[in-house]
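Taken together, the values in this text are just the output of simple stated rules run on the coordinates, not laboratory data. The model shown is predicted, which means the values in this text are computed figures rather than measured ones. Counting neighbours? That spans all protein chains shown, and the Cβs are built from the backbone with ideal geometry, glycine included.
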Number of protein chains: 2
Amino acid sequence: VKLLTLARDLRRRRARERHRLFVAEGVRTVDELLRSDLAVRGVLASPELAAASRAALEAAARVRGVTMTELDARDFASAADTDSPQGVLAIGEVPTRELSDLALPATARLVVLDAVQDPGNVGTILRTSAALGASATLALPGTVDLWNAKVVRSAMGALFHRPALSSTWDELDTFLVKTGTELWGADAAGEAVDRSRGSRPARLALAVGNEGAGLSADATTRARRLVGLPIASEIESLNVAVATGILLYELRP
Amino acid sequence: VKLLTLARDLRRRRARERHRLFVAEGVRTVDELLRSDLAVRGVLASPELAAASRAALEAAARVRGVTMTELDARDFASAADTDSPQGVLAIGEVPTRELSDLALPATARLVVLDAVQDPGNVGTILRTSAALGASATLALPGTVDLWNAKVVRSAMGALFHRPALSSTWDELDTFLVKTGTELWGADAAGEAVDRSRGSRPARLALAVGNEGAGLSADATTRARRLVGLPIASEIESLNVAVATGILLYELRP
């Protein structure tokens, strides 16, 4: 019951920040969490959890010394964020990571979320950044909470394997100088990137902006270059996660 | 009331196919539809529609000779697919397009959806394909209905500006031969694409597969080449819309 109360509470961002805990929902995400290095407080299951998945998750939880608690369908639903969470969720500890402690390899890519607001987009960007080898993803003010249940789900485990942390612009400024990392911004009006032309800095942070408003003044002022992707005139924009993927791939070391 | 009954009915795929009609929900999507060449049967609004949006949409509807009908909140909700549809939806006619009539420029890109099932992914692929200059998007068997309300919304108008149509494998085979278009498949195990190396056919159709299962046997058998994107080992895959965007950009003429 204590875990149930906690899971319900963790639907609010403020509770997640106070407890430094988050909720992972669904078979796939809970499985990824149990296989990661992150600490897990407990797993909650409902009768809706399919038998095969239950057996696999129970085994994975046992290996980690984590208890799986059974709830009835109504109690479970009161804690779940999604309408169809597959009958399982886990409570995990947000890793304590400070930007100042982040070690970068000699050649590195970072993704900077500049007030990206849709949880599905942020989750997909986390997944894409990890897949394409970015060292970390940083969430600047105005960005949706990285540990929101929908972000966690959309990230498909990426959040458990690669550093993702919140940062202020001041902290980012200090970090960029200290590590010799150049900040570029993704902007529809930026110069078209083309892998075959132009050199890239060894350490590059790419800032991507809000779904409607684009990059903030904070980002455009600081960016050494603005890069974009030429698109057909009748289409207003690319989805921010798609644009991030293309740019990261084009700007890979 | 007749439009209301119709809108409710159009939540089912079979009704959309029988009537050759679809529903566009939300201010942005209705506005894009009214500005497109597609025929519009009517617009339904509820008291939740914001005043500024209402005025703009009324003006756009008037230009098209389309009537805007007021409904109370409950009736409106009974027709809307989304929980928060911003108080406006429109009924549009599915354009009658046959693959055999599709004219391609000398250099062309096509996207082939091979059992892609998530409506948000399909909508984002339609938006991405249009933005990156693909001539058309084809939905093969097993793919979610292109005129599903969530696909329409996620496509952000792309569905109204560029050809998007369903096709069988037989129809596609005939079309590829007739137009001299080469079929390639996106596959995690495919050769890494790199724009700076290798030539591309003038007319290229890129098949992308199901979110879980990947390309079907129908697609892999037919594909002249399988291309992929190298990703970090701890991440299972890229989101299909992101992967489509990167591959289309890399394979641009």
Fraction of beta bridges assigned by DSSP in segment B:127-226 that are antiparallel (%, nearest 5): 10
Over chain A: helical MRE at 222 nm, DSSP H runs n ≥ 4 each giving -39500 (n - 2.57), nearest 500: -10500 deg cm²/dmol
Order of A:Arg18, B:Arg200, A:Arg109 under a 10 Å beta carbon neighbour criterion, fewest first: A:Arg18, B:Arg200, A:Arg109
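Considering just Cα atoms, how many Å³ per residue does the convex hull of segment A:112-165 enclose? The partial results should precede the final answer.
Details: hull volume 3.2 nm³, N = 54.
For segment A:112-165, the hull spanned by Cα atoms encloses 59 Å³ per residue.
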Among beta bridges that DSSP assigns inside chain A, antiparallel share in %, nearest 5: 30
Most positive-pole-ward Cα, B:Leu229, A:Ala15, B:Phe76, against dipole of the protein assembly as shown from beta carbon charges: B:Leu229
Rounded tilt (10° steps) of A:51-64 against the dominant C-alpha axis of chain A: 80
log10 of Debye I(q)/I(0), alpha-carbon scatterers only, for chain A at 0.07, 0.14, 0.15 Å⁻¹: -0.26, -0.91, -1.00
Given charges at Cβ of Lys, Arg, Asp, Glu: the protein assembly as shown dipole, positive-most of A:Tyr249, A:Val88, A:Gly157: A:Tyr249
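Which whole-number percent of Cα pairs in the protein assembly as shown have a distance greater than 38 Å?
On the way: 39513 of 127765 pairs.
Of all Cα-Cα pairs in the protein assembly as shown, 31 percent lie more than 38 Å apart.
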Spacing of the two label points (7 Å from each Cα toward its C-beta) at A:Glu211 and B:Glu191, in nm: 3.9
Cut-off under 5 Å, modelled amide H: who pairs with A:Ala205 long-range: A:Leu110, A:Glu182, A:Leu183, A:Trp184
For segment A:144-253: span of alpha carbons on each principal axis (Å, largest first): 36, 36, 27
Gaussian network model of chain A, springs between alpha carbon atoms under 10 Å - residue of A:Val177, A:Val111, A:Val122 with greatest fluctuation: A:Val177
Per-residue Cβ neighbour rank within 10 angstrom, fewest leading, A:Ser237, B:Ser233, B:Ser129, A:Ser135: B:Ser233, A:Ser237, A:Ser135, B:Ser129
Angle between chain A longest axis and helix A:119-131 axis [Cα atoms, degrees, rounded to 10]: 70
Highest-MSF residue in chain B out of B:Ala139, B:Ala130, B:Ala73 [GNM, Cα springs under 10 Å]: B:Ala73
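Hey, fewest Cβ within 10 Å first, where do B:Ile231, B:Ile125, A:Ile246 land in order? If you can, show how the numbers build up before the last one.
Working: B:Ile231 18, B:Ile125 31, A:Ile246 23.
Ranking B:Ile231, B:Ile125, A:Ile246 by Cβ neighbours within 10 Å, fewest first, gives B:Ile231, A:Ile246, B:Ile125.
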Cα-centre dipole for chain B with unit charges at Cβ (Lys and Arg positive, Asp and Glu negative), debye to 20: 640
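Taking every DSSP beta bridge with both residues inside the protein assembly as shown, roughly what % is antiparallel (nearest 5)?
Working: 22 of 74 bridges.
Close to 30 percent.
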Proximal aspartates and glutamates to A:Lys178, defined as alpha-carbon separation beneath 13 angstrom and excluding residues fewer than eight positions away on the same chain: A:Asp101, A:Asp170
Kirkwood-based shape ratio for segment B:31-157, expressed as Rg/Rh from alpha carbons: 1.01
Rounded tilt (10° steps) of A:169-179 against the dominant C-alpha axis of chain A: 70
Highest-fluctuation residue, B:Asp75, B:Asp101, B:Asp31 considered, GNM on chain B with Cα pairs under 10 Å: B:Asp101
Shortest-first nm distances, B:Thr67 label point to equivalent points in other copies (7 Å, Cα→Cβ): 6.5
Shortest-first nm distances, B:Arg97 label point to equivalent points in other copies (7 Å, Cα→Cβ): 4.2
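So, counting K/R as plus one and D/E as minus one, what does the shell of residues with Cβ under 10 Å around A:Arg162 add up to? Don't skip to the answer; put the middle values down first.
On the way: positive: A:Arg127; negative: B:Glu234.
Net local charge, A:Arg162 excluded: 0.
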